[in-house]
Amino acid sequence: MRGLPFDANRAWLKEDQLLIAEAKISNRNYNGEDSDELRITVEQLYGLAGIRSRFARQLKIRCDASTIGQISSLKALLTPFTSQVQKNYANYCPVTVVYSNDLASGELELGNDWRVYLHDDLLESLKSHFKLENIEIIY
């Protein structure tokens, strides 16, 4: 399997940019003979948001009586990052809203159109509306 072409992926390579590489490691081959040298072939590059979305299994948003008023803004917060905008569910994470109070609790998993791409801007918005401890990414 061939790796990614360098020139086509040059835009990923920026100073101080965090990249995650999915790679294949093999022994280097010279004239049909293996050597002790290793060859690393990059198969896929991801930014932080991309790797988060690729491997996250669920985004949980917890709310209670003190944060229930924020639920009305949830649609506006999620919409720009949802799969309904792209009509593509690959690398989009399911969202579950967890509500609890003194009498009861329950979980509601939002439908496929509400799967989200876990971009930094989305996470920052959710954390500012629902508090950091109420936002959880499950891997």
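The values are calculated or read from the model by the stated rules, or taken from the named source; none is laboratory data. Note that the structure is predicted; figures quoted are calculated from it, not measured. Here the Cβ positions follow ideal geometry from the backbone for every residue, glycine too, while neighbour counts run over all protein chains shown. Areas reflect the complete protein model, heavy atoms only, side chains present, ligands, DNA and RNA absent. Shrake-Rupley method; radii C 1.70, N 1.55, O 1.52, S 1.80 Å.
Over the chain, accessible surface divided per residue gives 68 Å², non-protein components excluded, 1.4 Å probe. What separates the Cα centres of region 18-33 and region 74-139 is a distance of 37 Å. Charges were assigned to the Cβ only: +1 to each Lys and Arg, -1 to each Asp and Glu. The resulting dipole of the chain about its Cα centre is roughly 360 debye.
In region 1-77, which chymotrypsin sites (Phe, Trp or Tyr not before Pro) fall in coil by DSSP and have 15 or fewer other Cβ atoms within 10 Å?
F6
Other residues whose C-beta falls under 12 angstrom from the C-beta of N134 contribute a net charge of +1, scoring Lys and Arg +1 and Asp and Glu -1. Of the solvent-accessible surface of the chain, computed with a 1.4 Å probe and all protein chains present, 49% belongs to carbon and sulfur.
Our estimate of slack between Y30 and E107, defined as 0.36 nm per intervening residue step minus the Cα-Cα distance, is 22.0 nm.
Between A8 and L132, 0.36 nm times their residue separation minus their Cα-Cα distance comes to what? It would help to have the intermediate numbers written out before the result.
Values: separation 124, 0.36 × 124 = 44.64 nm, distance 3.75 nm.
Between A8 and L132, full extension yields 40.9 nm more.
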